[in-house]
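Each remark here refers to the structure printed beneath this line.
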Amino acid sequence: MPAQPYEFDNSGLPPIPPYVPGKPTSLDIDWADLRELDLSLLDSPDPEVVKRLVKTTAQAIREDGFLFVKNYGMTLEQVHRQFALGKYCFDNMTEEEKVRLEWDPSLGHYQGYKPRSGWGKARLSVDDIEGMNYYAPQFADHNLVPKCMHPFMEEIAHFVDYASTSINRRLLCLLSRVLELPDDYIYDHVQSKGDVIGEGYLRHALYHPQHGEGNGVRLYGHTDYGTTTMLWSVPVSALMVLSRDNKWRYVKYNPGALLINLGEVLEVLSAGHFKATLHRVVLPPDDQLEAERLSLILFQAVKSDLTLQPIEEAPLIQREGEVLAGTVFPAYKALMEAGLKVSLP
Ligand SMILES: O=C(O)CCC(=O)C(=O)O
Ligand SMILES: [Fe+2]
């Protein structure tokens, strides 16, 4: 059955200001050369078209670990609506709620509000990044979210559910096909599901312009750890990926597109055929230094009881063996060989 487009009737909800994307940079900077997949081609009746799509996916995830996805079932207007909801929260939650709902990373998750004053209660370093993270319990208990968002939680849940059960499921189908496994292999065996977002979470983040000191890095180089990270493309260019030639390059704004990157677990499960790529957030180019950067991210998680080991039955792995070109799988192997227990974060 072909994928259904995203639909939600929000006409009865309180009005909120629309999201108007800022101007993209006009400076000529070093862009990452990322591939773009047309996800609607997965439904093509022509097997050659689908084969090409799987091949492009295979190249992108092996070489870049990042790729753009277009035609995944949402219009630009529907995507902008989600950004508008994110911004509305930061503009309307109360100071009391910022304190009451503050996250506590020492609990092992990032649920709730992240203040501009940095990580953890110790307030050691001001990073000027505000965040609001939504986990499964917040969709069930609205006391865990700011009051201004109560009328919109059903809409946000609907969006997250579509992104998870339709978009991410189709992406994982492509990844399963690359490994030559049944379509829903990764979705069924690896992906955390249910309760809107499983064990993953939705993040709205607001990067305020940064003045004064700082070394220009706003989020240090890291790899994400789940299955896929779904980032909706934003006009302020601050995200950089570490390219194959070991150079940091900016990711270009691609209106309406979804930027996907793969987490560490998939690098291990694929025996290195998939790459979890290092990325970081830095200051944008000079003509965007004063711009606020709003980001909308869905971190798709892995089932918490998953055994972290390569999927040996995957025909691709059986035929071609391991790939040790990345950073995560070689580190995993070294730990295994040293007899250490490797667990999920
Ligand atoms: O804001 C972004 O564009 C990326 C943030 C990121 O990489 C992360 O939170 O893991
Ligand atoms: Fe990340």
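Compute the Cα gyration tensor for the stretch 126-195, then decide on rounded, prolate or oblate, letting a ≥ b ≥ c be the square roots of its eigenvalues: rounded whenever a/c is under 1.5, prolate when a/b is larger than b/c in the other cases, and oblate in all that remain. Note, shape of the stretch 126-195 comes out prolate. Accessible surface area normalised per residue over the stretch 1-145 is 55 Å², counting heavy atoms of protein chains with a 1.4 Å rolling probe.
Shown for the chain: the carbon plus sulfur share of the solvent-accessible area, taken with all protein chains present and a 1.4 angstrom probe, equals 53%. Between ASN92 and GLU322, the modelled labels are 5.2 nm apart [label points 7 Å from Cα along Cα→Cβ].
Here are some pairs, LYS114/LYS341; LYS23/LYS87; LYS98/LYS147; which of them have Cα atoms lying more than 22 Å apart in this structure?
Distance filter (> 22 Å) returns LYS114/LYS341.
Backbone geometry of the stretch 166-171 corresponds, through the Karplus equation with coefficients 6.51, -1.76 and 1.60 at θ = phi - 60°, to 3J(HN,Hα) couplings of 10, 5, 5, 5, 5, 4 Hz, x marking Gly and Pro. Loop-located chymotrypsin sites (Phe, Trp or Tyr not before Pro) across the stretch 1-44 with a Cβ neighbour count of 16 or fewer within 10 Å are PHE8, with loop assigned by DSSP.
Does the stretch 52-123 classify as rounded, prolate or oblate by the C-alpha gyration tensor (a ≥ b ≥ c root eigenvalues; a/c under 1.5 gives rounded; else a/b over b/c gives prolate, otherwise oblate)?
Oblate.
Per residue, the average separation of C-alpha pairs within less than 8 Å and at least 6 apart gives the stretch 36-337 a relative contact order of 21 percent.
Evaluating kT/(6 pi eta Rh) at 4 °C and 1.567 mPa s, with the Kirkwood radius of the stretch 36-337 over Cα pairs in the Stokes-Einstein relation, gives 64 µm² s⁻¹.
Given the DSSP H assignment, sum -39500 (n - 2.57) over each helix run of at least 4 residues in the chain and divide by its residue total; what's the result at 222 nm in deg cm²/dmol, nearest 500? My calculation for the chain gives -7500 deg cm²/dmol from helical runs alone.
When the GluC sites (Glu not before Pro) in the stretch 172-243 are filtered for DSSP coil states and for at most 16 other beta-carbon atoms within 10 Å of their beta-carbon, the remaining sites are GLU180, GLU213. Just flag the GluC sites (Glu not before Pro) in the stretch 6-72 sitting in loop per DSSP whose Cβ has no more than 16 other Cβ atoms within 10 Å. The qualifying sites are GLU7. Whole-Hz Karplus values for the stretch 16-21 come out as 10, x, x, 8, 10, x Hz, taken residue by residue from phi with 6.51 cos²θ - 1.76 cosθ + 1.60 and θ = phi - 60°; glycine and proline positions read x. Extending 7 Å from Cα along the Cβ direction at TYR220 and again at ASP141 yields two label points whose distance is 3.3 nm. Here the label points at LYS51 and GLN210, each 7 Å from Cα along the C-beta direction, are separated by 4.8 nm in the simple model.
The values are calculated or read from the model by the stated rules, or taken from the named source; none is laboratory data. Here the structure is a predicted model, which means the values were calculated and not measured. Don't worry about glycine lacking a Cβ; one is built from the backbone with ideal geometry, like all the others, and counts go over all protein chains shown. Keep in mind that these areas ignore ligands, DNA and RNA; they rest on the heavy atoms of the full protein, side chains included. Shrake-Rupley method; radii C 1.70, N 1.55, O 1.52, S 1.80 Å.
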